[in-house]
Structure formats: C-alpha cells, structure tokens
Amino acid sequence: MSFRDRREAGRRLAERLSGLRAASPLVLGLPRGGVPVAFEVAKALDAPLDILVVRKLGVPFQPELGMGAVGEGGVRVLNADVLRQARVTDAQLADVEARERTEVEERATRLRQGRAAIPLTDRTVVIVDDGLATGGTARAAVRVARARGAERVVLAVPVAPPETVAALRADADDVVAVETPEPFFAIGGWYADFSPTSDTEVVELLSAARGDHAGVDKEVRLSTAPARLPGHLTIPEGARGLVVFAHGSGSGRHSPRNQAVARALNDAGLGTLLFDLLTPDEESDRANVFDIPLLATRLGAATTWLSADEDTHGLPIGFFGASTGAGAALWAAAEPGSPVRAIVSRGGRPDMARARLEAVGAPTLLIVGGRDEAVLEMNRDAAGHLAVEHRIEVIPGATHLFEEPGALEAVAELASRWFLDHLPHSRD
C-alpha cells in the first residue's frame, strides 16, 4: 500500500504538479472519491476547486462499452466508431442520454448546493481522480472539459497502470501519476484507507475550498428537547472544522481547562462549541452527571443543530471529550450515520461507552496523564475494543486534570494536530 488515505495521496500528487502553479489552474475533482484528492491538490496549488460531473453513455445492450459521455450545461461528446459498430439507433441514444443527463444535473446540484459551475473557458484545468484502471471515465472527463472550453487539460491521479497512462496521453495534454505499478490490480489496494467518500464530505470540501465560513464569536442556545442549553460558539475566519466539547462530570462551558484547549484549537484554525450538557436542575440530580446515554443524546442534538445553523453548516465536526464527557462522545459517535469525523479524549473514561466502542467510526486519540494510572489502564483496555484508527498518547508526569506545568499545552497541541490531520479539509 502506497497511500494512507486520499488526503495523503492528494498531497503527494500535488508535489508532482507544483510546476502548474504559475498557470493559475482550476482543479476539478471527479465525484466522489476524486474530490478529497483534488482538495489537497487545489490547496497546494493555491487554485480554485470545483467538481466535474460526467456520466458515460453506455451502449444499451453492453453498458460497460462507452459510446460517449455527457456533462453539465448540455455538453455531449460521442464516439462515432462505437456508435457505428454497435449500430445504436438515434432513439436508443436519446433514451440513454436523457437518463444520464438527468443524473448529471441532479448530482451537480446536490453536490454544489445549487451553486453554478466555475467556467472552464480558456483555462488550464487539472482533472483529479483517486486512481485509474481502464481510464474510461477519465477519458470522458477530458473530452467534456474540452467541450466546455478548457484550453489545456491535465489528468492527474495517485495511481494508474502504465498502459492506461500511455493511452490517455492521446486525449489529455499531460497525464501525471504518482505510482504506475506493474502488474496493476484494484485501485483500493494502493490505499490503507479506501473507505467510500460520501456526498456530505464532497459538499464540505467544496465549501471549505470556497472559504464560506467567516469569523464568528457568539453566545448560543441549543434546542435539545426538552432542554435549551447555553453555549459559546467560536469560528475563526476560514475555519477548517468545528470541535464540540463534551465536559466531564460537574463541569461546563466555563471550565478553564477546556477553554484553554478551545483557544488553542481556535488559533490552529478550528471552530469550537462549548456548551452545558445539562441544565442546572438536571445537574442537581447527581445520577444525570453519569448518565452517558443522556449526555450522548445531547451531543447528538448539538451536531444536528450545527448542521442547520448558517454559521456552521458544512463544517466537518469533531468531538473533544474530558473525563465522563469522553464516554458520552464515543457513545454519540457510535450512532448510525453520526457526522463526527474525529475524536479526542482528555483523561477520558472510554470504559463508560464500552458497549459501543466497536461501532465508533471516527479516528480516536486517547490522551492520558502518565501519573493517572487507573484511567490509563482503562484507556488501554478500551483501545483494544476500538475497530477504527486510534492512538494513546501519554503525557509524562501529568495527573488526571493535567495541572502540571506544560501538561495542558501538550494536550492542546496533540488535539490540534489530530483534528487537523483527520477532519476532511484539514490544512498542514
């Protein structure tokens, strides 16, 4: 395996494309898997990012055989030789085209959230995918880009077989691949993590590339029926993600330790939401403080609220949990369809989410003080039940509250790096 994930593949691909920066290119990702790769390329080239939605027109009785392709704006390119040899009638072509054109327009609208495509006329465009096998879709993408007015088309991928690269040079002005292995098997075999890219992630990446999120610093109230919970939302301009804090037992949004970590995350370009998981009346019942399912429900409600808020919509979400709050964060992240993309636990109690640890889908960092021996053992045991990427970081000499000089700063540094590395549109 050559690449850890699509993000790393994009960074390595960008190194090969650095000479294009002077051409002020437009980077086009092929949805969905090509977009995380393209995001990193666009970031490195300081170039705008868009998607290129293309659908192959398959011969009716042999769909894998392409007789052409359609793109946005009514663009159509046809392969006259295939049409003639396959004896495709005008009616058959029209039927296939109508179906695929509908899919193109619906997908483009969904992924761009209704925004218009960036014009390609007279531009140098870099078409990016996460890998090539036969190159059929890539060839169609190149032809659609030319039909939309692109002056120069560069096709760029992390991995492809050498014969495919050679064949595509007849269509693109240049073809760039980081790896051209021989023999070549499946694209996914070159990635440690080749999990599917969702529509949500594509939307988030396009939003981040546009720099949609301006600075915000405000008090909020979250509707988490039956309670309305106070919180503080901070989003630095151009935020790369949003971290929701889950406080430990007896703590809240005014916790000086969590506020210190939040400030460090803000300085790193991450938004933060600190909010009280319980109302004052609920806190008076000590049982609620340790009711992990209740606290997790409040975290889930907070993520739902954030997805609808105009200031936070589209930002990828991480959880930062302290003590019992870490148990609640892991419990909430194990819910089916959870949008949480990364988790950090500070002196956490992941054992309190033991029943759900195997279902957690977000990469998890467990930070524990070296002198917090009982909690360290709990974290080591819990780590054995996590099926997702995870790591334990021990802060030497630190106790449970990380009150020792430099201990909390070390927590903040580790947390910032974890979120920047694992939220979809992180920046190094």
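Quick notes
- Whenever a residue of the stretch 227-252 is hydroxyl-bearing (S, T, Y), its partners that are assigned to a loop (DSSP other than H, G, I, E, B), lying with C-beta atoms within less than 7 angstrom and at least six residues away or across chains, give the pairs S249/F290; S249/S323.
- Here R253 qualifies as farther than 24 Å from I392 by Cα, touching a Phe, Trp or Tyr at 6+ places or on another chain (Cβ under 7 Å) and not hydroxyl-bearing (S, T, Y).
- Flag if R21 is assigned by TED's automatic domain parsing to the domain that holds T197 and surrounded by fewer than 16 Cβ atoms within 10 Å (Cβ to Cβ): yes
- Restricting V104, V128 to those that are among the aliphatic types (A, V, I, L, M) and at pLDDT 95 or above reduces the list to V128.
- Applying the condition of being at pLDDT 85 or above and closer than 15 Å to D281 by Cα to the stretch 220-258 and asking which residue is surrounded by the fewest Cβ atoms within 10 Å (Cβ to Cβ) yields P230.
- Checked against the criterion of being over 25 Å from L278 (Cα atoms), out of contact with any Gly (no Cβ under 9 Å at 6 or more places or on another chain) and assigned to a loop (DSSP other than H, G, I, E, B), the candidates P336, P405 yield just one match: P405.
- Each residue in the stretch 181-212 was checked for being more than 21 Å from the chain's Cα centre (by Cα) and either surrounded by fewer than 17 Cβ atoms within 10 Å (Cβ to Cβ) or basic (K, R) (or both), and 5 of them qualify.
- Residue in the stretch 173-183 that is without any contact (Cβ under 8 Å) to a residue 24 or more places away in the chain, closer than 16 Å to L30 by Cβ and among the aliphatic types (A, V, I, L, M) present: yes
- For the stretch 384-428, a residue qualifies if it is under 19 Å from P363 (Cβ atoms), surrounded by 14 or more Cβ atoms within 10 Å (Cβ to Cβ) and of a type in the set (A, V, I, L, M), and the qualifying residues are L386, V388, I392, V394, V411, A412, L414, A415, L420, L423.
- Verdict on F185 being assigned to a loop (DSSP other than H, G, I, E, B), modelled with pLDDT under 90 and assigned by TED's automatic domain parsing to the domain that holds G10: yes
- Test: residue in the stretch 149-172 that is assigned by TED's automatic domain parsing to the domain that holds E15, modelled with pLDDT of 90 or more, surrounded by fewer than 22 Cβ atoms within 10 Å (Cβ to Cβ) and closer than 21 Å to V104 by Cα: yes
- Close pairs from the stretch 61-73: first touching a residue at least 12 places away in the same chain (Cβ under 8 Å), partner of a type in the set (D, E, K, R) and in a strand (DSSP E or B), Cβ under 6 Å, at least 6 apart: G66/K56; A69/K56; V70/R55; V70/R76
- Filtering the stretch 169-182 to residues that are part of a strand (DSSP E or B) and of a type in the set (V, I, T) leaves V175, V176, V178.
The values are calculated or read from the model by the stated rules, or taken from the named source; none is laboratory data. These numbers were taken from a predicted model, which means no experiment stands behind them. Heads up, the Cβs are rebuilt from the backbone with ideal geometry, glycines too, and the neighbour counts pull from every protein chain shown.
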